[in-house]
Amino acid sequence: MRILAIETSCDETAIAVLSATKAKNPTITVEAHLVASQAALHAQYGGVFPNMAKREHARAILPLVIETLKKAKLYKKKAAPLSAAAEKRLRMLLEREPELLELFLSEIPRMARPTVDRIAVTVGPGLAPALWVGINFARALSLVWDIPVVPANHMEGHVLSVAVPASKKKFALSEKSLGLPAISLLVSGGHTEIVFAKKIGSYKLLGRTRDDAAGEAFDKVARMLELPYPGGPEVSRLAKDARIADLPKTLALPRPMLASPDFDFSFSGLKTAVLYHLRDLAATGEAIDANKKMEIAREFEDATCDVLVKKTLRAAEKHKAKHIIVGGGVSANAELRTRLSAAARASGISVTFPTKGLSTDNAIMIGLAGLFGKPAPISSKKLIAQGNMEL
Ligand code: KG4
Ligand code: ZN
């Protein structure tokens, strides 16, 4: 079984080709995977605008598929003219992505149908306009190449991404290799949730953020500190510098919902506390110099990690899970990795994080979710974007 996976839920256009040996305890081979990030574009505006993301996906997606197929040695030039009926349907399907339609009509009739058995596409959660580009594109490919499409849940992809080894080449995927049953902490720009992952395809949401996602809070604090988007890595870098310089601690930010018995989070108040602190400094005429920024970044990161670590461990203990899986962009955060690993070790629990480059959005994880995941295959005509899709 070979699968072409498509991810366009936020600001990365990502394509992967995976093959899997058999349905039970399969061995997966990543034949190729590429990510085209829009971060540089969104950096100019300090955040992701859905319609701008949509336009960029529509521009990037077809060239990226061709490049990925070339890397996987699945690209062959061949005259493959479209029937008038197929062209008519494509024009309707890609009506809202005119640029993509033109690219599609010029490139696809010049290449052979690749030997692919399935197409997986993220249907949610994510930004609806961005999701639709991937979905419509998957339907268009399905139409001309007669390949079935399977919907993939982006969050399930983040859970399964921890199965991929550093080489990103060949690996086993099973409940055992993932360490299930496990507690999964999913922390990204759009989501912060704790999920009990019982088996592949069987999940229970235990708690989620009531307002901002952890990554979103990192991005907003970065903006307040005049750091570029995406802010997570930037804030983290300043926090690390503050620790190395051993700056004195003069700021105490709140740890929202740390003591609440549920598994929900709230990061909006923490972000606002940073804003008020900056205002107070400005009002007293105190300079917001490099050291001040470093100190704020460290305290913000400490507060965020305190809450994430404590609640995740509590969930693991309550559900008697011996393993924790972390996924999503914020799982790249070094402080979170160090602290969660240490706290889990002290409780006899193991933790896995995605390998480098797979914390943030990619299509390997979408291929895995498409091959083994929860949503059942449906007719490609019925595919719809589900911005708030749950696990
Ligand atoms: O999973 P992801 O790539 O996209 C979404 O689905 O949202 O996550 C992106 C988020 C951004 O908010 C970014 O600032 C954050 O992950 N992020 C980090 C780090 N690297 C990325 N946050 C904290 N520390 C990091 N090292
Ligand atoms: Zn994500």
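Solvent-accessible surface of segment 266-391, taken per residue with a 1.4 Å probe and all protein chains present: 42 Å².
Across the accessible surface of segment 1-147, with the other protein chains kept in place and a 1.4 Å probe, carbon and sulfur atoms take up 54 percent. Shape summary: segment 200-280 maps onto an equivalent ellipsoid whose semi-axes, from the alpha-carbon gyration tensor, are 26, 16, 14 Å in decreasing order. Of the GluC sites (Glu not before Pro) found in segment 187-272, those in coil by DSSP whose Cβ has at most 10 other Cβ atoms within 10 Å are Glu226. Percent of Cα-Cα pairs more than 14 Å apart in segment 283-342, please. In whole percent, the share of Cα-Cα pairs in segment 283-342 beyond 14 Å is 65. When only alpha carbons are used to place a centre, segment 109-183 and segment 296-347 end up 27 Å from one another. Of Met257, Met1, the order by accessible heavy-atom surface (1.4 Å probe, DNA, RNA and ligands excluded), from most exposed downward, is Met1, Met257. Scalar couplings 3J(HN,Hα) for segment 56-61, obtained by applying the Karplus form with A = 6.51, B = -1.76, C = 1.60 to θ = phi - 60°, are 5, 4, 4, 6, 8, 5 Hz; x denotes Gly and Pro.
Over the chain, what is the relative contact order in percent, taking alpha-carbon pairs closer than 8 angstrom and at least six residues apart? Worked out over the chain, it gives 24 percent. Of Lys199/Lys320; Lys176/Lys356; Lys311/Lys374; Lys54/Lys198, which sit over 24 Å apart, Cα to Cα? Those over the limit are Lys311/Lys374; Lys54/Lys198.
The gain in end-to-end length when the Glu87 to Ala245 segment is fully stretched comes to 50.6 nm, 0.36 nm per residue minus the alpha carbon separation.
Its residues counted as N, segment 1-160 yields a C-alpha radius of gyration over 2.2 N^0.38 Å of 1.02. Of Ile61, Ile244, Ile364, the residue with the greatest mean-square motion in the GNM of the chain, using alpha carbon springs below 10 Å, is Ile244. One decimal place: the segment Arg337-Ile378 gains 11.0 nm when fully extended, by the rule 0.36 nm per residue minus the C-alpha distance.
Inter-label distance, Ala43 to Ala172: 4.2 nm, where each label sits 7 Å from its Cα along the C-beta direction. Sequence neighbours fewer than 8 away in the same chain don't count; with that in mind, list the lysines whose C-alpha is under 24 Å from Lys73. Of all the lysines, those that pass the test against Lys73 - Cα under 24 Å, at least 8 places apart if same chain - are Lys22, Lys168, Lys169, Lys170. In angstrom, the C-alpha Rg and Dmax of segment 93-158 are 12.6, 35. Using a Cα-Cα cut-off of under 13 Å, which aspartates and glutamates could be cross-linked to Lys240, ignoring same-chain neighbours fewer than 8 residues away? Within the straight-line cut-off, Lys240 pairs with Glu295, Glu299, Glu301, Asp302, Glu335. Sites listed here are trypsin sites (Lys or Arg not before Pro) in segment 1-105 whose DSSP assignment is loop and whose Cβ has at most 15 other Cβ atoms within 10 Å: Lys22, Lys24, Lys73, Lys76, Lys78, Arg96. One chain, two ends: Ala23 and Leu105. Fully extended at 0.36 nm per residue, the span grows by 26.0 nm beyond their Cα-Cα distance. Binning all Cα-Cα separations of the chain at 10 Å, short to long from zero, yields these whole-percent fractions: 5, 23, 30, 23, 12, 5, 1, 0.
Rolled with a 1.4 Å probe across the full set of protein chains, the surface gives Leu34 an accessible area near 40 Å².
Summarising the strand pairing of the chain, around 65 percent of its internal DSSP beta bridges are antiparallel. Scoring 184-192, 44-52, 201-209, 136-144 by mean Cβ neighbours within 10 Å over their residues and listing the highest first yields 184-192, 136-144, 201-209, 44-52.
The values are calculated or read from the model by the stated rules, or taken from the named source; none is laboratory data. Note that the structure is predicted; figures quoted are calculated from it, not measured. All Cβ positions, glycine included, derive from the backbone under ideal geometry; neighbour counts span all protein chains shown. Side chains are part of the model used for accessible areas, which takes the heavy atoms of the whole protein and leaves out ligands, DNA and RNA. Shrake-Rupley method; radii C 1.70, N 1.55, O 1.52, S 1.80 Å.
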